[in-house]
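The values are calculated or read from the model by the stated rules, or taken from the named source; none is laboratory data. Note that the structure is a prediction, hence the values are computed from the model and not measured. Here the Cβ is made from the backbone with ideal geometry for all residues, glycine too, and neighbour counts use every protein chain on show. Surface accessibility is based on the protein's heavy atoms, side chains included, excluding ligands, DNA and RNA. Shrake-Rupley method; radii C 1.70, N 1.55, O 1.52, S 1.80 Å.
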Amino acid sequence: MSIERPRRSSCAMSRRHALTAAGLTALTAALAACSSPESHAGAGSADNPVWDADTQEYVLEEAVASGEAHLRIWVEYEEYGKALKKAFEAKFPGTVLDYEIVAKVDAVDRMSLDGEAGTGPDVYMTNFDDLAQAVSSSLAGPMGEYAGSIRSRCGDSFTSIVEREGELYGVPVSTESIALFYNKTLLKELTGSDQPATTWEEIIELARTYNDKAANRWTIRFLAGQIYYAYCVLSSAGWHLYPDGDLANPDLTATTMTDGLEYYKSLREIWDVNSADATYDYIENEFIKGQTPYVITGPWVFSDFDAAAEAQGFEYGVTTLPMIDGGQRAASFAGLAVGVVSGYSTYPAAARVLANFLASAEGAEALYSSVGAIPALTEDNLADVPGLGGDERVAGVLSQAQQADFVKEIPEYMYTAGDELVSTVWDGIQEIPATQERAAASYDELRALAS
């Protein structure tokens, strides 16, 4: 069986943009200028829609409520668009929602053209690290009175990503992160308990008796040659990428990075394969055989792992990534898709209603049932979503995403330099300090070429 999976998390695939800040005053003025100046009956002015305290919703513009005017949204997948249209129109009878397929990675750039031309949507989906450009370019409208309910449903970890100067300029919709997948059945057989390890030291202890290199039997498998996967160890040792948010300072020569790399190198003892041999097939396709206690991977494997677990007769779970004993919690790089109200929308009340709906139980059900994406909700609120309540696998990925480092921008050249760094250390090609210096020089060269 060959598992189809993304090249990397969405946070690594996006085109990156320079980050700039925007004030609430400037954005409000821009919204007033860019939106249609007319007032829509029953919904206040274009920049001051009416809030209904009883329903806790903005009052839809009459043209939208009657279906005379269609709301428009950009989504990335046809299946999600269909499910969202059905759910929204059921919740708000009489409305009509049209969708168009636009990749999240292209949405902000395209909005800068289509918005001003009057052909853009009322709401669009984008990646969290493109939100700063959307705000600074007046392409994003504040969520206004919905801020409290969004924070309640999505939690502080996700909501803080879309917050600017006390206002929310987006709605967290879905998240993705790698996590620790474990074979409950096998762990019970080996240790007497089906509970997963929380530290690397626990995994190392099991590996001492379970590993057999000649038989290709390993306690844990992961992509050893990628910083995307090594980051959980490095962060637990205290190193975090771009500590001051400056792309000129990835901090690759920091002593915390040295400590993290030393520990990472020591893990070669329990997963003794060259980085080039640690492929997806060698990791995920081995887990489905039922003889690997742990793998580090992401939610793209759910369907294949589910089928394998049923066929092989084992049960698996998902939990947060292991930390170094006595170290910090293990962070990961995570993706977050956000729904954004267009600063050009002619129907700012209805646009906010639609954006808020994306994070509702009905909106989350449309998302998960159509494309299997994990809603960016708190665990308590996931329980309200049909098909998700009590799903430990989803809860495990969500828990890891909530302790992730949502780095505002990770250029591709960071992955190039970072992958070279961790693979060189893993394969024992060069001493760690020298490897760090080389990676820092490579990063600077690649950054200069990209400028």
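Figure the gain on full extension for Leu113 and Ala448 (residue separation times 0.36 nm, minus the Cα-Cα span) and round it to one decimal in nm.
Details: separation 335, 0.36 × 335 = 120.60 nm, distance 2.86 nm.
Length gained, Leu113 through Ala448: 117.7 nm.
Which of the GluC sites (Glu not before Pro) found in the range 63-125 are in a DSSP loop and have at most 13 neighbouring Cβ atoms, other than their own, within 10 Å?
Details: sites: Glu68, Glu76, Glu78, Glu79, Glu89, Glu100, Glu116; in loops: Glu68, Glu76.
Sites meeting the loop and neighbour criteria: Glu68.
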Where in the range 414-447 does the label zone of Glu262 land, with the point 7 angstrom along Cα→C-beta and an amide N cut-off under 12 Å? 432-433
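Quick one: length gained pulling Asp194 to Lys86 fully straight, 0.36 nm per residue minus the C-alpha distance?
Working: separation 108, 0.36 × 108 = 38.88 nm, distance 4.08 nm.
Gain on extension, Asp194 to Lys86, equals 34.8 nm.
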Size of the dipole of the chain about the Cα centre, Lys and Arg at +1 and Asp and Glu at -1 on the beta carbon, nothing else charged, in debye to 20? 460
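Can you give me the % of accessible surface on the chain that is carbon or sulfur? Probe 1.4 Å, all protein chains present, nothing else counted. Don't skip to the end; give the middle numbers.
Details: 8470 of 17650 Å².
Carbon plus sulfur share of accessible area: 48 percent.
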Under the 7 Å Cα-to-Cβ spin-label approximation, Glu100 and Glu205 lie apart by a distance in nanometres of 5.8
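Which trypsin sites (Lys or Arg not before Pro) from the range 244-319 combine a DSSP loop assignment with at most 12 other Cβ atoms within 10 Å? Kindly include the intermediate steps, with their values, before the conclusion.
Values: sites: Lys265, Arg268, Lys289; in loops: Lys289.
Filter output for the range 244-319: Lys289.
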How many angstrom separate the Cα center of the range 161-223 from the Cα center of the range 396-442? 19
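Excluding ligands, DNA and RNA, what is the solvent-accessible area per residue of the chain at a probe of 1.4 Å, expressed in Å²?
Per-residue value: 39 Å².
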Which entries in the list Lys188/Lys265; Lys213/Lys289; Lys104/Lys408; Lys184/Lys289; Lys188/Lys289 go over 19 Å, if you measure between the two C-alpha atoms of each? Lys188/Lys265
If I take R0 = 56 Å and measure r between the Cβ atoms of Asn274 and Ser152 in this structure, what FRET efficiency does the formula 1/(1 + (r/R0)^6) give, to the nearest 0.05? 0.70
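Explain nothing, just the number: relative contact order of the range 204-347, from Cα pairs under 8 Å at least 6 residues apart, as a whole percent.
Details: 154 pairs, mean separation 46.2, N = 144.
It comes to 32 percent, rounded to a whole number.
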Leading residue at positive end of dipole, the range 253-386 (Cβ point charges), from Thr297, Pro375, Ser342: Ser342
Please compute the contact order of the chain in relative form: average sequence separation of alpha-carbon pairs under 8 Å and at least six residues apart, divided by the residue count, as a percent. 25
Given that just one value was derived from the coordinates, which of (i) 24; (ii) 28; (iii) 40 is percent of Cα pairs over 40 Å apart? (i)
